[in-house]
Structures are given as C-alpha cells and as structure tokens.
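Here it is, the structure, as structure tokens.
The values are calculated or read from the model by the stated rules, or taken from the named source; none is laboratory data. Worth saying up front: this structure is predicted, and the values here are computed from it rather than measured. Positions of Cβ are generated from backbone atoms using ideal geometry, with glycine treated the same way; all protein chains shown enter the neighbour counts.
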Amino acid sequence: MAEGEWKIGVLFSKTGVTAGAETSELNAAILAIEEINAAGGVLGRNLNAIHYDPGCSPPKYQEYAIRLLKEDRVRIVFGCYMSSERKVVLPQIEAFRGLLFYPTFYEGFEYSSRCFYGGAAANQNAVALAKYLIEKFGSRFLLVGSNYVFPREYNRVISELVELSKGEVVDEIYVPVESTAEDFEKIIKSIKVHAPDVIVSTVVGTGSQQLFESFHAAGLNPRDTPIASLTMTEAEVSNVRPEIVAGHLTSASFFENLDLPEARRFVAAFKQRFGASAPITSSAEAVYCQVHLFAKALALAGDDDPELIAKHLRGMEFDAPQGRIRIDPDNHHTELWSRIARINEAGQFDIVWQSENRIRPDVYFVTSSCESRHTPEAQSNYGM
C-alpha cells in the first residue's frame, strides 16, 4: 500500500449462491471509492480497498474478517450479505474494535456500536408491503424462505402483521440456502393445496430463481397468486427469462429505473463503469451511500479511528440516489424510503407505490403495525 492511503476492507462474494447480488454490492463500493479518489481522496489521501471473496461461506467471512483486522490492520470494513455472514463477522469487528458497514436489508432486532446498517430493517419494507398485499390481493399468506435467520425472523414479522390484520398464514416452508429444483416441489404442492392470496418469499440467491422457475413451470399465474419477494432483486431477475418473473412484486428502497436526478446520475455512472447489463440492487445503492458517508465522516474526523468515525456519522445526512437519507443516531440504522414494484414483461421494475417521506428504522419493531405511523398514510396511489 502506498504511504498515506486510507485502508478499508471489503467483504463481498463473487462466487457462491448469492454472488449476483454481492457482485452488485462490490461494484457499487468500487464506484464510490473511485469517485472519491478522482475528486482528490479524503484530506488528500486515496481510499485503498483490500477485498476478499468469501464465496458466500460464513466460515470464510469470519476468516477473512480476522485477516483484514489482524494481518492487514484494517479498521473499517464494508461487507456481508446474508445475516448468517454478518453474525460471524460482527463479533470479530467488536473484538478488534473496528467498524462494520452492513448494506443489506435484514430482519432487524440488532444493534452494535461497531456497526452501521445501511439496508432496510423490517419495518421499513414489511409494514408497507403487507398492507399493500392485503389491500390488493387478500389476507391469506403463504410464507417461504431460505433456512437461516433472516427469512425466519422476517416471516415472523410478516406473520404478526397478517394476524393483526385478521388474516391467516396458511403455510410456512423453508428450503436449504444451497437449494435444488427438487426442494421447491413441496412449495408448489402447498400453493396448489392451500390456494393462498399471495406468497411472500425470502428465498435467497440462486434459490429465488429456482422458485420462480418452478412456479412458472407449474402453470401458476401471478395474476391469481403473486409472489412478493424481497430477494428477487435486479441481480436475480437478470439471470432468468422475463416471462418467468413478470407480474410478481418486490419491495426495496431503490430500483434501477427510479426517476430522480441523483438516481439517474448514479445508474449512468454504474453502467458506464461496469457495463449496460450490470444489475444495480437496493443493497448496491446502500453500500455506495455508505462509502460516501464514511468519506464525509473521515474528512471531519481527520483519522480513521472507528470511534471518531462513528461519532461523526450519527445523524449525518446524504443525498442518496433513492432520496435524502439520514443515519439514526440512536441505533446506527438508516432512515430510508420505501417502494413497491412489479416486474414487467421486459424484466424491469415498475414502481406501484412509494412513501412520501423517509421512514425511521423501528429496529425492534416496537410500534409498527399495518396501521402504524411508520406506514405513511396515503403517501401515494397504490397504483396497479
């Protein structure tokens, strides 16, 4: 490393079950770093990223986190996709007194003074999504997910919201993270037996693609029973034929075709750097913002001491591609915008609902419900 550079660690996978989404996050981190360095760096010093590919393996995430912190002497780390990865990395960050920037939407119910959370907590997408689905399709839900902490905790939140709305969860099914097509036969059977109004999916990575392919192959129709999936992002959609995913729904803070000036600029820069077909997910937008927020805090602190960086980050705002965001000083999560989109025949996301204001993170889901103040009232048309 050249003398005078700021070292940062980056842990996103380019191989493995969630490689598509994580590569999008890695690309966004690279773009932000290059933008900062092109503008003169921070206090005249460039950011220098040390990246390892954990291959979507929690043990490898842990191993590389220790290597970054102990051998590379990095104090700031950006990374992790699945919660199972974050939960093995964060104890190492805390032990070595570093700082983790975690950009992926997740289940909530966590706080660490050594972590800043850039993705949505459950109340920032689940509440509006559940309300939308109940109003538009009905209150009989089938929940499916990959078998690890995020899907199980997120589905617990959805179940509570459905119950509060006098609805019913007709079935709840989990498949292995590294799933095969055969794992989805029981889901298709359950759909046919229970005829739910809607399916909520937190199946991740290549498994999400297999779910939609199985649904399509079974002759099921999203007009009758749509899948609402947080994890079928631009990265996963880019790997399947558009007709397989058309008509289904997702919720996120950011979509590639969001028509805002900063969103258009970000998307254009990303595509120019990584190619027109390179997908941009909401988690990629989050890590892009987190790198820029870190650079702002670093300039104020004059040092990459994690405690100084954290001090300056609390309450900081940023004009993000999704809209202006703010770091909640009380819980290190981020005030974000909420949007729901339907996948169209071209495999693009048409936004059908969005909040009028950013939503504060209710990390422990203390006050949230389908009628909560965290769900903006009549914030836009629930367009179809």
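On the basis of being at positive phi, in contact (Cβ under 8 Å) with a residue 12 or more places away in the chain, in the same structural domain as residue 30 (by TED's automatic domain parsing) and not in a strand (DSSP E or B), does residue 247 make the cut?
So residue 247 does not fit the description; no.
If the requirement is being within 18 Å of the chain's Cα centre (by Cα), surrounded by fewer than 22 Cβ atoms within 10 Å (Cβ to Cβ), farther than 30 Å from residue 244 by Cα and not hydrophobic (A, V, I, L, M, F, W, C), which of these qualifies: 305, 328?
Step by step, each of 305, 328 is checked, and only 328 is within 18 Å of the chain's Cα centre (by Cα), surrounded by fewer than 22 Cβ atoms within 10 Å (Cβ to Cβ), farther than 30 Å from residue 244 by Cα and not hydrophobic (A, V, I, L, M, F, W, C).
What tally of residues in segment 32-58 results from selecting those that are touching a helix residue (DSSP H, G or I) at 6+ places or on another chain (Cβ under 6 Å) and either among the charged types (D, E, K, R) or at pLDDT below 95 (or both)?
0
Exactly one condition in (1) under 29 Å from residue 198 (Cβ atoms); (2) touching a strand residue (DSSP E or B) at 6+ places or on another chain (Cβ under 9 Å) is false for residue 122; which is it?
Condition (2) is where residue 122 drops out.
Of all the residues that make up segment 161-213, how many are assigned to a loop (DSSP other than H, G, I, E, B) and surrounded by 19 or more Cβ atoms within 10 Å (Cβ to Cβ)?
Summing the residues that are assigned to a loop (DSSP other than H, G, I, E, B) and surrounded by 19 or more Cβ atoms within 10 Å (Cβ to Cβ) in segment 161-213 gives 8.
Here's something else I'd like to know. Tally time: how many residues in segment 283-332 are over 17 Å from residue 102 (Cβ atoms), touching a residue at least 60 places away in the same chain (Cβ under 8 Å) and among the hydrophobic types (A, V, I, L, M, F, W, C)?
Residues that pass the stated criteria total 3.
Something else now. Mind checking whether some residue in segment 233-241 is touching a His at 6+ places or on another chain (Cβ under 9 Å), among the charged types (D, E, K, R), in a loop (DSSP other than H, G, I, E, B) and in the same structural domain as residue 136 (by TED's automatic domain parsing)?
Yes, because at least one residue in segment 233-241 is touching a His at 6+ places or on another chain (Cβ under 9 Å), among the charged types (D, E, K, R), in a loop (DSSP other than H, G, I, E, B) and in the same structural domain as residue 136 (by TED's automatic domain parsing).
Determine which single condition residue 115 fails, assuming it passes every other condition in (1) buried (at least 18 other Cβ atoms within 10 Å of the Cβ); (2) outside the structural domain of residue 192 (by TED's automatic domain parsing); (3) free of Cβ contacts under 8 Å to residues at least 40 places away in the same chain.
It is condition (3) that residue 115 fails.
Another question, then. Counting just the residues of segment 1-17 that are crowded, with 21+ Cβ neighbours inside 10 Å and at pLDDT 95 or above, which one comes out farthest from residue 284 (Cα to Cα)?
Here the answer is 6.
Moving on to the next point. As an exercise: evaluate residue 216 against (1) crowded, with 17+ Cβ neighbours inside 10 Å; (2) within 23 Å of residue 159 (Cβ to Cβ) and give the number of the one condition it does not meet.
(2)
On the basis of being assigned to a strand (DSSP E or B) and in contact with a Gly (Cβ under 7 Å, 6 or more places away or on another chain), does residue 105 make the cut?
Answer is no for this residue.
Pick out the one residue from 142, 133 that is in a strand (DSSP E or B) and either at positive phi or not β-branched (Val, Ile, Thr) (or both).
142
Here is a follow-up. Within segment 93-105, identify whether any single residue is within 13 Å of residue 149 (Cβ to Cβ), modelled with pLDDT under 95 and within 16 Å of the chain's Cα centre (by Cα), and answer yes or no.
No; the residues of segment 93-105 include none that is within 13 Å of residue 149 (Cβ to Cβ), modelled with pLDDT under 95 and within 16 Å of the chain's Cα centre (by Cα).
Still on this structure: Against the conditions (1) closer than 23 Å to residue 134 by Cα; (2) buried (at least 21 other Cβ atoms within 10 Å of the Cβ), where does residue 357 fall short? Just the number, please.
Only one criterion in (1) closer than 23 Å to residue 134 by Cα; (2) buried (at least 21 other Cβ atoms within 10 Å of the Cβ) is unmet by residue 357, namely (2).
What pairs come up if the first residue lies in segment 256-277 and is more than 20 Å from residue 323 (Cα to Cα), the second is surrounded by 15 or more Cβ atoms within 10 Å (Cβ to Cβ), and their beta carbons are under 6 Å apart, counting only those six or more places apart or on different chains?
Pairs found: 273/31; 274/27.
OK, next. Do the conditions hold for residue 266, that is, is it in contact with a strand residue (DSSP E or B) (Cβ under 8 Å, 6 or more places away or on another chain), modelled with pLDDT of 95 or more and over 18 Å from residue 341 (Cα atoms)?
no
Run down 238, 208 and say which single residue is among the small types (Gly, Ala, Ser) and under 20 Å from residue 321 (Cβ atoms).
Result of the check over 238, 208: 238.
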